[in-house]
Amino acid sequence: MRTTRLFLDLGMVTVRLDMQRCIRAFEQLGVKDVGKQISNSRQYGLFSAIELGTMTNADFFDEMRRQHAITATDEQIADAWNAFILDTPVELQQLIKQVRAKMKTYILSNTNQLHYDYWHDVCMGGEGGATVEECFDKVYLSNELHLAKPDAEIYQAILADCGAKPEECLYLDDNAANVAAAKSLGWDAHVCANPEETIERLKMLLQNVK
């Protein structure tokens, strides 16, 4: 069966990340152990709570202040967390939009609302770019589903929601465990380590679809 659905991860697949930039931003606020709690693929501690949607943004800000004895404002904490995110190349935005003209396209990401909103509002669109709404039929986020990759339940929930069969789906993720989980359920899945690799993969996809 041919590919009729494209699923893209966010971090390092659709958007460039800089974890060290994020760590330095938190250190400037007085938070010293962020490097032990974050990664490009899955978060821990308070960061895991907002990624799974079990904690509100307001509670996250309050707990960051309480646990680390800092006086930073909500905006300062959000800015430090969003320092993780760099950009989505304009070329990639346009390629995704082209793919969407030929098949259904989705985001499937372990993320949180702060990061998603920043990516949606700041990284997408603009001069020469394309908006999230122009690029994707739907976004599936761990913080909204209360599920996270590589657990099988998140893949199964998404298929049930969009009415797709596993063999119809192409999935790109930077995390090998997430790719392996998708493959085990019958998806066509591949590791893409950065947006440049995603660009090349989508160019090949466009060459092979009618």
Can you confirm whether the range 70-87 contains a residue that is closer than 27 Å to Met204 by Cα and not in a loop (DSSP other than H, G, I, E, B)?
yes
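Matching residues to (1) of a type in the set (Asp, Glu); (2) crowded, with 16+ Cβ neighbours inside 10 Å; (3) at pLDDT below 95; (4) outside the structural domain of Phe26 (by TED's automatic domain parsing):
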{"site": "Ser41", "(1), (2), (3), (4)": "no, yes, yes, no"}
{"site": "Arg65", "(1), (2), (3), (4)": "no, yes, no, no"}
{"site": "Thr73", "(1), (2), (3), (4)": "no, no, no, no"}
{"site": "Ala78", "(1), (2), (3), (4)": "no, yes, no, no"}
{"site": "Leu92", "(1), (2), (3), (4)": "no, yes, no, yes"}
{"site": "Ile107", "(1), (2), (3), (4)": "no, yes, no, yes"}
{"site": "Tyr116", "(1), (2), (3), (4)": "no, yes, no, yes"}
{"site": "Gly125", "(1), (2), (3), (4)": "no, yes, no, yes"}
{"site": "Glu133", "(1), (2), (3), (4)": "yes, no, no, yes"}
Does the range 145-155 contain any residue that is closer than 26 Å to Ile85 by Cβ, without any contact (Cβ under 8 Å) to a residue 12 or more places away in the chain and either touching a Pro at 6+ places or on another chain (Cβ under 8 Å) or exposed (fewer than 14 other Cβ atoms within 10 Å of the Cβ) (or both)?
no
If you go through the range 183-210 one residue at a time, how many are acidic (Asp, Glu) and not in a helix (DSSP H, G or I)?
1
How many of the residues in the range 128-160 are of a type in the set (S, T, N, Q) and part of a loop (DSSP other than H, G, I, E, B)?
1
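Please go through the range 53-63 and pick out each residue that is in a loop (DSSP other than H, G, I, E, B), of a type outside the set (S, T, N, Q) and surrounded by fewer than 18 Cβ atoms within 10 Å (Cβ to Cβ). Spell out how you get there, then give the answer.
Step one: of the range 53-63, the residues in a loop (DSSP other than H, G, I, E, B) are 53-56.
Imposing the further condition that a residue be of a type outside the set (S, T, N, Q) reduces the set to 53, 55.
Hit for the range 53-63 is Gly53, nothing else.
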Condition set out of contact with any strand residue (DSSP E or B) (no Cβ under 6 Å at 6 or more places or on another chain) and assigned to a helix (DSSP H, G or I), scope the range 98-112, selection farthest from Gly129 (Cα to Cα): answer is Arg100
Regarding the range 52-61, can at least one residue be identified that is outside the structural domain of Glu153 (by TED's automatic domain parsing) and within 30 Å of Glu168 (Cα to Cα)?
yes
(1) small (Gly, Ala, Ser); (2) closer than 30 Å to Ala130 by Cβ; (3) in a helix (DSSP H, G or I): which one isn't true of Ser39, the others all being true?
(3)
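The values are calculated or read from the model by the stated rules, or taken from the named source; none is laboratory data. Since the model is a prediction, treat every value here as computed from it, not as a measurement. Positions of Cβ are generated from backbone atoms using ideal geometry, with glycine treated the same way; all protein chains shown enter the neighbour counts.
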